[in-house]
Amino acid sequence: MNNRVWVLAKRELASFFFSPIAYVVAAVFLAVSGIFFAGEVFRPGHEAQMRDLFDRQAFILVFIVPMLTMRLLAEEFRSGTIESLMTVNVRDYEVIFGKFLGTWLFFAALLVPTLIYAFMVLGYSGWAVDPGPVVGGYLGLLLLGGFYIAVGTLTSSMTRNQVISAVLAFLILSVFTFLLWGVASRLTGNWQTILRTINVYERFMDFSRGLLDLRHIIFFLSVTAGILFVAVKILESRRWR
């Protein structure tokens with residue numbers, strides 16, 4: 001990995017631990033995840049599985065990821081620190097990928113405490129549960145989170161207003177998660193196939209079922225990379241204005 005990208009990623013990751021918003025986001029995510037786990041997963045008579053929790057977390061991320069990403073570049077533009085960052089021989093793509101990677105690592109750290117739910121389910125079932133859906137669910141969350149963070153990085157590169165960045169990211173993620181999923185369920189034929197192809201929630205649900213489809217992995221990685229590429233081009237255009 002490019003050393004400058006890694007340095008920027010560590011800088012971004014460290015900044016989250018000094019940000020009150022990051023702690024609020026972490027607390028909300030873990031609290032809501034715990035409520036869903038206690039109310040829908042870990043209850044008498046319920047099948048020992050994590051699928052329901054993973055599906056709920058996918059929806060939660062639509063709301064909380066924009067709050068994590070809204071300051072990535074918008075704050076740099078507002079405060080003027082982007083100029084000093086660009087004068088230390090750092091390329092535009094290194095800025096984008098460094099900030100993306102740092103945010104994704106913080107997101108991955110948010111998932112670590114939820115592993116206790118997986119161990120509780122496995123222990124409750126006497127370790128008779130197939131671990132495939134659990135592993136697949138966490139892999140899906142990491143890929144889905146990467147896509148969401150890329151969208152948030154893109155919207156943050158478009159404005160110096162953090163609120164506008166968060167709202168834009170939320171709207172885009174809502175379309176790709178809620179709207180396309182809802183519309184596709186009411187259609188038939190080719191249109192349903194097309195919408196399900198680009199709907200990220202449809203693809204994520206296969207991971208939560210334990211279906212590790214290489215096509216889904218390639219989709220998430222390629223779309224995330226494509227969004228980050230657009231963010232790089234936007235940063236380049238803003239840099240020379």
Legend entry - Cβ-Cβ FRET estimate between LEU221 and VAL24, R0 fixed at 25 Å, reported to 0.05: 0.25
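What ranking do GLU236, GLU202 get, fewest neighbouring Cβ atoms within 10 angstrom at the top?
Values: GLU236 14, GLU202 17.
Listing GLU236, GLU202 from fewest to most nearby Cβ atoms yields GLU236, GLU202.
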Inset, instruction - Order by neighbour count: TRP104, TRP191, fewest other Cβ atoms within 10 Å first, most last. - result: TRP191, TRP104
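Just so you know, all these numbers are worked out from the coordinates, no wet-lab data involved. On a predicted model such as this, the values are computed, not experimentally measured, just so you know. Using ideal geometry, Cβ is built from the backbone for each residue, glycine included, and neighbour counts are taken over all protein chains shown.
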